[in-house]
């Protein structure tokens, strides 16, 4: 019997620590896996915690998706107590989610995805952030301004850049002054121009190129929320011929997970055939057909639309789209109202589920509590966990193809590009 | 190390970040560079706590290769939120190597973080306050608190937060605030927004434990809080077995 040789290499330029694991059988690639060295155990940490204490803890799952984690947790707790936050708080939460998405998308695009695109399409090999910043100083300056925009939205509306203070169960405890809102409005208008520049730059450099066919997505199912606002809606699983819509309360016939164990099982679909995040959001909500955004999509070579690399373009589109959504939200009348947040009151149900679309896709928390309002079970469904089986499937095929002509060292570097295109969030995945 | 990446995320948000990139030469930063070999460095800022064997070896390697090491954020400084873990609580970096300074907080407060980076660029020591949160607390004025109120809550009721026209010291309202045993330096961000201090900046005195014992001896905690885990050690690995 041929012995398996194991190769493990840290994957660089991703959010967190993750390894590329390759198993070789002789000279053949037998297995490729994106390996996460540890699980931090948040699902166990939450057991025996007071239910209203949870949002502050789960925010610490991820420094990039912190607002999503805290807000989805608030939604699950509000489900338990049977309360709804005032409409002003929902607007404030959506603004906080937009701030988070702007920063997360622009950081991933510029520092992690863009150097790969330049390499894949033979522009330039970039090996450090200084070369990257010199490649296009205007792009760099736009990127830094957009990072600042996302950060300032969360600081002004949430109290600080990361791990927001203002998100509690029942609503958002702080509303900025009109002066601060005007400041954010100006930053957003500037940000809209930066987003346009980034999209224009992408179109100029890459729109006529054809992405390598190895990056093409197989026939898959798209998973996301039915509403474009990333806050409300039903869960949608859609493929080229079928579409299922269901409430988050009815998720268990479709998918589930074991507490403390990595991975989510999809009962009706092949785990490897599912994706969530910008690509799924586009398939489900089709922002590409909106009047303002359609011209950008028309300029892109059709081949892009089948590729996982299309996610990088969609990140930029979502930047532009969410900046415009945020400008609209800032004009909502209810932002000027003085409101009282509802108290949690008495427990109405022994379990609660919260759901939203985080930057990387569907995020769901499901808590069960006892009569003392202590958590007895917490299940956290994380977007990156949903995407990893497909990512592993595609990297294995790619690695096998590459290894026909290339040495294993080069294979490792190239499959890292594919992993980065998926934008895995290791902090979230190692919850 | 083991982290949520929130300290890195905060670093990118700082006003001085573009300047910081210009004035330094970043040699090893897995988030944005491909470099995988440890070279030799003037300064290392390390975020995250230690939960794995390979991290200890990496940390020791960096220590040997680096002039000055600074622990960045509550995980690196104190062990952080994974201190609540029932399996393997994270260790602070200082359990394994000598540390030259700390930038605490979850996340490090932006002004404090920015000032620390400026000091590092000018080759100066990082200065942190040894006063507690109460020293600069906006709710302290005119307060003659005698620790007589029974502490029954971790956060105030929603209506109390919202109608806080004349906010009062949390402890006097029966809400646990860790301000008395926590270092100042964040401009009392949580307290200013209507939430009590959670202690993320760590202890103002060197001995966290004796500080907390003294605090506890003064407090009248309700029974459910007495048995509730992870109030005082939310951001710090306890030096004793729980």
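Each reported figure results from applying straightforward, stated rules to the coordinates on display, with no laboratory input. As the structure is a prediction and not an experimental result, all values here were calculated from the model. Cβ atoms come from the backbone with ideal geometry, glycine included; neighbour counts cover every protein chain shown.
So here's what we get for this one:
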| quantity | calculated |
| --- | --- |
| Translational diffusion of the protein assembly as shown, µm² s⁻¹ [Kirkwood Rh, Cα pairs; Stokes-Einstein; 10 °C; 1.306 mPa s] | 62 µm²/s |
| Ranked by how many other beta carbons lie within 10 Å on average, peptides A:8-18, A:29-39, A:147-157, A:176-186 from highest | A:147-157, A:8-18, A:29-39, A:176-186 |
| Antiparallel %, DSSP beta bridges [both residues in the stretch B:6-121], to 5 | 10 percent |
| Theoretical ellipticity at 222 nm over chain A - DSSP helices of four or more residues, -39500 (n - 2.57) apiece, nearest 500 | -13500 deg cm²/dmol |
| 10 Å Cβ neighbours from other chains, averaged over peptide A:156-168 | 6 |
| Other protein chain Cβ atoms within 10 Å, averaged over every residue that makes up A:38-49 | 5 |
| Percent of Cα pairs exceeding the 11 Å cut-off, where the set is the stretch A:140-186 | 68 percent |
| Chain A: most fluctuating residue of A:219, A:75, A:412 per GNM, C-alpha cutoff 10 Å | A:219 |
| Cα convex hull of chain B - mean projected area over all directions, nm² | 14.2 nm² |
| Mean Cβ neighbour count within 10 Å, used as a protection proxy, ranking A:278-284, A:132-138, A:62-68 highest first | A:62-68, A:278-284, A:132-138 |
| Helix-derived mean residue ellipticity, 222 nm - over chain B, DSSP H n ≥ 4, -39500 (n - 2.57), to 500 | -8000 deg cm²/dmol |
| GNM flexibility winner over chain B from B:188, B:132, B:115 (Cα, springs under 10 Å) | B:115 |
| Global geometry of the stretch B:6-121, whether rounded, prolate or oblate, following the gyration tensor of its Cα atoms and the 1.5 cut on a/c | oblate |
| Gap separating the Cα centres of the stretch A:39-97 and the stretch A:105-143, nearest whole Å | 34 Å |
| For chain A, share of DSSP beta bridges that run antiparallel, in % to the nearest 5 | 90 percent |
| Alpha carbon centroid spacing (whole Å) that separates the stretch A:5-23 from the stretch A:163-191 | 39 Å |
| Cα-based shape type of the stretch B:133-226, given that a ≥ b ≥ c are square roots of the gyration tensor eigenvalues and the cut on a/c is 1.5 | oblate |
| Rg and Dmax of the stretch A:40-192, Cα atoms only, in Å | 18.3, 56 |
| Folded to 0 to 90 degrees: helix B:110-121 orientation relative to chain B principal axis, Cα | 30 degrees |
| Neighbouring partner chain Cβ atoms per residue of A:2-12, average, 10 Å criterion | 1 |
| Per-selection Kirkwood Rh - the stretch A:42-429 (Cα, Å, 1 d.p.) | 21.6 Å |
| GNM flexibility winner over chain B from B:42, B:220, B:91 (Cα, springs under 10 Å) | B:42 |
